[in-house]
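Before any comments, here is the structure.
The values are calculated or read from the model by the stated rules, or taken from the named source; none is laboratory data. Just so it is clear, the structure is predicted and the values come from calculations on it, not from any experiment. With ideal geometry, Cβ positions are generated from the backbone for all residues, glycine too; neighbour counts draw on all protein chains shown. Surface areas here come from the heavy atoms of the whole protein model, side chains and all, with no ligands, DNA or RNA. Shrake-Rupley method; radii C 1.70, N 1.55, O 1.52, S 1.80 Å.
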Amino acid sequence: MTVIAGSTPDTDQQTDVEQLIDTDIPWVVIVWNDPVNLMSYVSFVFQSYFGYSDAKAHRLMMEVHEQGKSVVANGAKEKMEQHTTAMHSYGLWATYQKAD
Amino acid sequence: MAKAFRNTRKGIAGYLEPGERDLVRKLFGDIITMLEPDEVANEDPLAAMVGLDEKAETPSDPALFRLLPNAVNNDDDEALEFRRLTERSLRETKVGALRAASLALDSSRLLLDYEQGQIFSRALNDVRLVLAQRLEIESTEDADRIHEVLEPSQAEDVEQYLALVYNFTTWLQESLMQALVDQLDQRGQQPPEPPGDQ
């Protein structure tokens, strides 16, 4: 992602239980890093589309940025397909797959 | 000179010179042209109505592929099947946002509400994705190289001109995101606890 000076929020140290993927839930949406999407934009999409808290959206965005990808949703296949298309409508690079 | 977006009592306000508006409108128009599906003769009207496109193929243009990426990795058959079920609707969603964003460019003083701001940011994002493909921005280092082109006097060839345009749209989108994030924060905030000694 593109880092704009002054817009990089503090590193989010928070960990929460949502970070753990429930292995009983078989499908996930993964958002992949790219050098174009703004960090502020990616975080905003996670917040406004998924309804995630500022802290969670920021943590997922940083995961994408630093680790190259992040699981941003999990659940039934049909729902994950919808989320993937929605991410594409925002210009985020997303795929769905079975959870590992 | 353009002015950054900011929140005002009337909404998210921005300012673009006429030449800058023409440029952004042209960019939106270019992406619309890329995304509009080709007219298909003898098309099944029911399939079109529900957004199916049995003949959709993986785009050969990398910029179009970035706008309409595969939804599945490592399984081309499933990716193509999903594309045939969803790509037409995705194209229409994107074109709708780009058209709506173009309408906001009717005057130099831009005034957007929260929803219009979101739509405008999506349109700018699609423009940047396409410009980035043309500029071959594939890594953070590439992006940094492009960000160094800031002065119009530096633009000596097409690539450098595109880099200027990319940096301009990046700046514009970033300022819009700050305004949108502030609005989202305000929406998400609970009313403050009333002061008192309960």
Please compute the net charge surrounding residue B:51, taking Lys and Arg as +1 and Asp and Glu as -1 over other residues with Cβ under 9 Å from its Cβ. -2
For the protein assembly as shown, accessible area per residue (1.4 Å probe, heavy atoms of protein chains only), Å²: 54 Å²
Between A and B, accessible area buried - total, square angstrom, nearest 100, 1.4 angstrom probe: 2700 Å²
The computed P(r) of the range B:55-130 puts the percent of Cα pairs beyond 15 Å at 61 percent
Gain upon complete extension [residue B:46, residue B:1; 0.36 nm per residue less C-alpha separation]: 11.3 nm
Extend 7 Å from the Cα of residue B:58 along its Cα-to-C-beta direction; within the range B:82-96, residues with backbone N under 16 Å of that point are B:82-85, B:87
Choose one answer from B:94, B:55, B:26: the residue with the largest mean-square fluctuation in a GNM of chain B with alpha-carbon springs under 10 Å. B:55
Give me the lysines in straight-line cross-link reach of residue B:26: C-alpha distance below 29 Å, same-chain residues under 8 apart excluded. B:3, B:10, B:94
Starting from the Cα of residue A:98, draw a straight line to each of the lysines and keep only those under 17 Å, dropping any in the same chain fewer than 8 residues away. A:69, A:77, A:79
Taking every Cα atom in the range A:24-95, find the radius of gyration and the maximum pairwise distance Dmax, and write them in Å. 11.2, 34
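Carbon and sulfur together cover what percent of the accessible area of the range A:24-95 at a 1.4 Å probe radius?
Carbon and sulfur atoms account for 50 percent of the accessible area of the range A:24-95.
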May I ask for the angle, rounded to the nearest 10°, between helix B:114-134 and the longest principal axis of chain B, with both axes built from Cα atoms and the value confined to 0 to 90°? 50 degrees
For chain B, longest principal axis from Cα atoms; helix B:76-103 axis from its Cα atoms; angle between them, nearest 10 degrees, is 40 degrees
